[in-house]
1. Identify, please: which residue in region 84-137 is closer than 29 Å to Thr4 by Cα and surrounded by fewer than 17 Cβ atoms within 10 Å (Cβ to Cβ) and is, among those, nearest to the chain's Cα centre (by Cα)?
2. Checking the structure you have, find out if any residue of region 320-341 is in a helix (DSSP H, G or I), modelled with pLDDT under 90 and under 28 Å from Pro393 (Cβ atoms).
3. I'd like to know if region 326-344 contains one or more residues that are crowded, with 16+ Cβ neighbours inside 10 Å, of a type outside the set (Ser, Thr, Tyr) and under 22 Å from Asn416 (Cβ atoms).
4. Could you list, in sequence order, the residues of region 273-290 that are open to solvent by 10 Å² or more (accessible area, probe 1.4 Å) and among the small types (Gly, Ala, Ser)?
5. Taking only pairs six or more apart or across chains, which ones have beta-carbon atoms under 8 Å, a first residue in region 104-128 that is closer than 22 Å to Thr19 by Cα and aromatic (Phe, Trp, Tyr), and a second residue that is modelled with pLDDT of 95 or more and open to solvent by 10 Å² or more (accessible area, probe 1.4 Å)?
6. Quick one: in region 382-399, of everything that is of a type in the set (A, V, I, L, M) and assigned to a strand (DSSP E or B), which residue is most open to solvent (accessible area, probe 1.4 Å)?
7. Looking at region 20-37, which of the residues that are modelled with pLDDT of 60 or more and open to solvent by less than 60 Å² (accessible area, probe 1.4 Å) is nearest to Glu286 (Cα to Cα)?
8. Only one of (1) over 28 Å from Ala274 (Cα atoms); (2) without any contact (Cβ under 8 Å) to a residue 12 or more places away in the chain; (3) touching a helix residue (DSSP H, G or I) at 6+ places or on another chain (Cβ under 7 Å) fails for Asp322. Which number is that?
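The values are calculated or read from the model by the stated rules, or taken from the named source; none is laboratory data. Nothing here was measured: the structure is a model prediction, and the numbers come from that model. Backbone-built Cβ (ideal geometry, glycine too); neighbour counts: all protein chains shown. These area figures cover heavy atoms from the full protein model, side chains too; ligands, DNA and RNA do not enter into them. Shrake-Rupley method; radii C 1.70, N 1.55, O 1.52, S 1.80 Å.
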Amino acid sequence: MAQTPIVALVGRPNVGKSTLFNRLIGERLAIVEDLPGTTRDRLYGEAEWAGVPFIVVDTGGLADDPTDTILTSIRAQAEVAMDEADVIVFLVDAVAGLTASDSDVANRLRLAKKPVLVAVNKADNAARRQDAVEFFELGLGEPMPISALHGTGTGDLLDRVVENLPVTPEDEEDETIKIAIVGRPNVGKSSLLNRMLGEERSIVSDIPGTTRDAIDTQIRYEGQDITLIDTAGIRRRGRIEQGIEKYSVLRSMRAIQRADVSLLLLDAPQGITAQDAHVAGYILEEGKSVVVIVNKWDLLEKDSSTLNEYAAKVRRELNFLDYVPVLFISAKTGQRVNQVLPTALRVYEARFQRIATAELNRLLRDATSHHAPPTKSGQRLKFYYGTQVAVDPPRFVFFVNDHRLVHFTYERYLENLLRERYVFEGTPIRITFRTREREDHKAKA
């Protein structure tokens, strides 16, 4: 699939990045819903303007290290935007005026060789809009006065964003199975890749990836052609604090979009963090399959119950991925690494599992007889029939008397029955309910 371009919001604290982020993702006609169980502290959002989709990243939400100085934090934002974003919106404050920190970041952004748009926020009146001209001094082109809070000028800003987005070419036909290795920095992504490649694999080729420092490695495993997408490493210019690594979520987003299956690496001693949940949530939203891999298992002191207790913790804290396999490995020692590719291929096959309509409707009859559909305002939900309409990932449509009567808990009940009978290991399934009158159903039967 063609990659969705990324627009990064960069600027010092309190200039209104989060307000602009909310404004921009709110401009699209269909906002992606928060999925139950995913973290609500969103770092990114899907947006669309003039028919062009893109991803907006609020870099301010990523700088959560209290030991970072303000200047180091915004320098890190600029660095990652320069590396990973397609368009950079540099947000400054009309009330505070031009600051030394603004100039410092501008100096770095001029090296980006990426489109940089200067948005002068809090320009809520004519005088502040007039004062915005002082930001010409940054040398990044014409500053655009906006009010993220009131929406003034944001349409013009979006027009400029869309004008500067790259034209995404159609992907070349690639029939290999694409597996991305994603996760926080220092969880062992490169170590896992190297260990996997060292276990008597036949490396077909190394191909430059679509993001800097990423290398796609094609291998052949048990007769199948596989592309391993590595997301380790972020290029630095000059000496930047370790805090920049927090922005690796951008690289994970790129890799997840391209992949069929994501290997989500966790650090066994550190446990599950907010950023792990961010990446997991993005995998789910993109409809990709996933294997959770707990690395550095050799570093934990263990007894007979440690593995089961840790697995339960993973499923509890990533409860929206309760259908995924969890592997406990050590990339350093090689422990259970030989299970990674077989598990990923199993999960990949589940993406293409298809259920015959007759089987699906038998399951539906069983489901409704064991657990009656809910009622609302005296009206009971009735199911007419269901069918699977797609694979990769599997999608199901159930025709009912009124889709508004479907409660989330009943949808979850049906999904659990589907998974109980047909597994769909590691793969999301999509269920849609459509209203159809009984008479119309009979006429078409």
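1. Lys113
2. Yes: region 320-341 contains one or more residues that are in a helix (DSSP H, G or I), modelled with pLDDT under 90 and under 28 Å from Pro393 (Cβ atoms).
3. Taking every residue of region 326-344 in turn, at least one turns out to be crowded, with 16+ Cβ neighbours inside 10 Å, of a type outside the set (Ser, Thr, Tyr) and under 22 Å from Asn416 (Cβ atoms).
4. Ala274, Ala277
5. Partner pairs satisfying both residue conditions: none exist.
6. Out of the qualifying residues, it is Val389.
7. Ile25
8. Asp322 satisfies every listed condition except (1).
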